Amino acid sequence: MDAGPAELTISFFPPLHQQRRTWVLDTLRREGVSEIVDIGCGEGKLLATLCQPAPWLGPQSQYRRNTLSSTRNADDCLASMLDDVLLNDSETRDLHPTRIAGLDIDTKALQCAAEDTSPSSANPLYTRWEPLEVSLWHGSLDSINTTFVDVECIVATEVIEHLTDDLVQYFAPVLLGVYHPRIFLMTTPSYTFNARFSPPGTRDLMGHADPTGRTDRVFRHRDHKFEWTIEEFSSWCVTVSKEWGYTVEIGNIGYTLDEDPWGRDKELGGASQVAAFKRMDDSNSKRKRERRTRTVYAALEKKDPHRLVVTHYFAAHPQAGRPHQLEEIGAALLRTFEGWGENVLRVEDLWFSDDTAVLCGGSVELLMEMAERDSRLQLRRVPGQRKGNWTVELLGGVQRPKNNWSAARTSQHEETVEESMEEDQDQEHSPRSGIGLDAWNNSGVDSWREDNNWAESCIDEGGTTWGWATPGPVHNY
């Protein structure tokens, strides 16, 4: 929004659209969602983010179950490897989507989305351990797409305010009724927050008048058909949640970096309102939902169907769910410690080094199980931290062999020293030498140290040789 004479400067960090996306992604992670439909997906920014693979197999992955069952018997399962222990970092758990879809009415936007979600756009450094299907659809909200029915989660960010009345009336009936996802996430601008753009008692001169003419409100975008106050949004959410058998949590995000000169920040709230709906599956809610849904189907059965624009398939790595023996995994871990010259490494460092992930078949649990089984290793779980930040210690430390050049140099020097000692011993008994053994020792040691200054400069405090180039790990996040 351009600055006007009565407008206040407002800034968000991160940008407001990123805060909305973060709220969506955090909720998806917390709920462990694997199927998502993005209504009003636009150019596919959220979908492209969801296309980024997780660093390892998810807890519910079929590949992961195959991996674990192929490496140990059920009665040999370590108690410490139970899912609820492994996932105690639920606040930052990774997303493992297997099916995502987008719907939009804008053909050009869908073309951009098709490009950004294609396998050819994927980062080649990222290893994918689980397959993913992406489908993009062209069509209107009031047409029913049977492939969306009973999907796990539907997302609609900054969509409803762009809809005309004839579409708004089917927003909840179609999304919560016909499709009835387990979770529905939506965001919409807060009209209450708009007062923050200007001083008290003045109007925002740079906004956009209500295009419907129903109110004298000024909106943030010229295409907005309405913007709800906090009370209006809350009332709508409560009404539709009861009507379609959902619970709902309502909030707001997007607080400005700049403090309001009139102290209205708490009163006006955030710039975007958010709502997370969760489906109730008791028998009464199901019956009511099914009864109302039949009416919606009847009203929309003659609408033009959605058109499939493109479907992308992302294949999983060929070794997904096909791990090597634990002994091979253990040997790979030891090689990594020796290569790094470190006694303690993070799980993430071990995972992305060499071929460890491939040997584990994509299952990070096998890496950690090996760390617990091998008497030379010790897994240290860090409370409140994600698994990647847990550490593994090599007990006894890394056995560092001497550098070949240094060893040869030392051997040559020792021979020279021996010869010099013999000569000096002969001279020691000569009345002409005038140099005692102690004096030679001091001189000899200093000279040796001086000659090896370059070698010492290639050894850091931990004893790691850095004079020779050693490739470091590739971090895929």
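The values are calculated or read from the model by the stated rules, or taken from the named source; none is laboratory data. Not measured: the values here are computed from a predicted model. So basically every Cβ, Gly included, is an ideal-geometry build from the backbone, and we count neighbours across all protein chains shown. Each accessible area value is taken on the protein alone, full model and side chains, heavy atoms only, with ligands, DNA and RNA left out. Shrake-Rupley method; radii C 1.70, N 1.55, O 1.52, S 1.80 Å.
General remarks:
- The stretch 314-383 - Rg over Rh from alpha carbon coordinates, Kirkwood radius: 0.97
- Debye, to nearest 20: dipole size of the stretch 132-197, +1 on Lys, Arg Cβ, -1 on Asp, Glu Cβ: 220
- Estimated vicinal HN-Hα couplings, Hz - the stretch 360-376 in sequence order (Karplus 6.51, -1.76, 1.60; Gly, Pro = x): 7, x, x, 9, 5, 4, 5, 4, 6, 5, 4, 5, 8, 7, 6, 5, 8
- Mean Cβ neighbour count within 10 Å, used as a protection proxy, ranking 233-241, 180-188, 259-267, 349-357 highest first: 180-188, 349-357, 233-241, 259-267
- Estimated translational D of the stretch 252-392 in µm²/s (Stokes, Kirkwood radius over Cα pairs; 20 °C; 1.002 mPa s): 101
- For the stretch 238-310, dividing the convex hull volume of the Cα atoms by the residue count gives 191 Å³ per residue.
- The Cβ shell under 15 Å around residue 209 holds other residues with a net charge of 0, Lys and Arg each +1, Asp and Glu each -1.
- Taking the average, over residues, of other Cβ atoms within 10 Å as the packing measure, peptides 296-303, 340-347, 273-280, 373-380 rank 273-280, 340-347, 373-380, 296-303 from highest down.
- Calculated translational diffusion coefficient of the stretch 93-231 (4 °C, 1.567 mPa s; Stokes-Einstein with Kirkwood radius over alpha-carbon pairs) equals 73 µm²/s.
- Whole-number D in µm²/s for the stretch 291-351 (Stokes-Einstein; Kirkwood sum over Cα pairs; 25 °C, 0.890 mPa s): 140
- All other residues whose Cβ lies under 15 angstrom from that of residue 284 are scored, Lys and Arg at +1 and Asp and Glu at -1, for a net of +4.
- Per residue, the accessible area of the stretch 212-352 comes to 57 Å², computed with a 1.4 Å probe over protein heavy atoms only.
- In summary, the lysines within cross-link reach of residue 286, defined as a Cα separation below 21 angstrom excluding same-chain residues under 8 places away, comprise 242, 278.
- Dipole check for the stretch 98-246: with +1 at the C-beta of Lys and Arg, -1 at the C-beta of Asp and Glu, and the Cα centre as origin, the magnitude is about 280 Debye.
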